[in-house]
C-alpha cells in the first residue's frame with residue numbers, strides 16, 4: 001500500500017473513533033441526567049390505602065354502569081359478502097368474456 005492510502009485509513013479510523021466516542025459520551029450523559037431527574041416515588045405516609053381502593057372501585061363501577069346505559073347512536077353496518085373491489089373486478093372479467101351461454 002502507498003503511504004497516502006495508509007494515512008487515509010488512519011485518518012478514517014481516528015474519525016470513526018471520535019464519532020463513536022462522542023455518541024457514547026452523549027448516551028452516558030443522558031442516562032445520568034435521566035437517573036438524576038427521575039421522579040421519586042411518594043413516601044408511604046398515607047394512612048388509608050383501603051379507602052382509596054374502595055373509591056377507585058366505586059368510580060370504575062359507576063363508569064361501567066353509565067357506559068352500559070348509553071345508547072349507541074350509529075350501529076356498525078353489516079359486512080358485505082363481497083367487497084366493492086371484488087365486485088368491480090368480477091364485473092370487468094364478465095365484460096371481457098362476453099355473454100354467458
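The values are calculated or read from the model by the stated rules, or taken from the named source; none is laboratory data. Please read all numbers here as calculations on a predicted model, not as lab measurements. Here Cβ is always computed from backbone atoms with ideal geometry, including for glycine, and neighbour counts include all displayed protein chains.
Do we find that residue 90 is surrounded by 10 or more Cβ atoms within 10 Å (Cβ to Cβ), at pLDDT below 90 and outside any loop (DSSP other than H, G, I, E, B) in this structure? Quick ask: steps written out before the conclusion?
Values: surrounded by 10 or more Cβ atoms within 10 Å (Cβ to Cβ): yes; at pLDDT below 90: yes; outside any loop (DSSP other than H, G, I, E, B): yes.
For residue 90, the condition - surrounded by 10 or more Cβ atoms within 10 Å (Cβ to Cβ), at pLDDT below 90 and outside any loop (DSSP other than H, G, I, E, B) - is met.
So, residue 96, is that one part of a helix (DSSP H, G or I) and surrounded by 10 or more Cβ atoms within 10 Å (Cβ to Cβ) or not?
On the way: part of a helix (DSSP H, G or I): yes; surrounded by 10 or more Cβ atoms within 10 Å (Cβ to Cβ): no.
The answer is no for residue 96.
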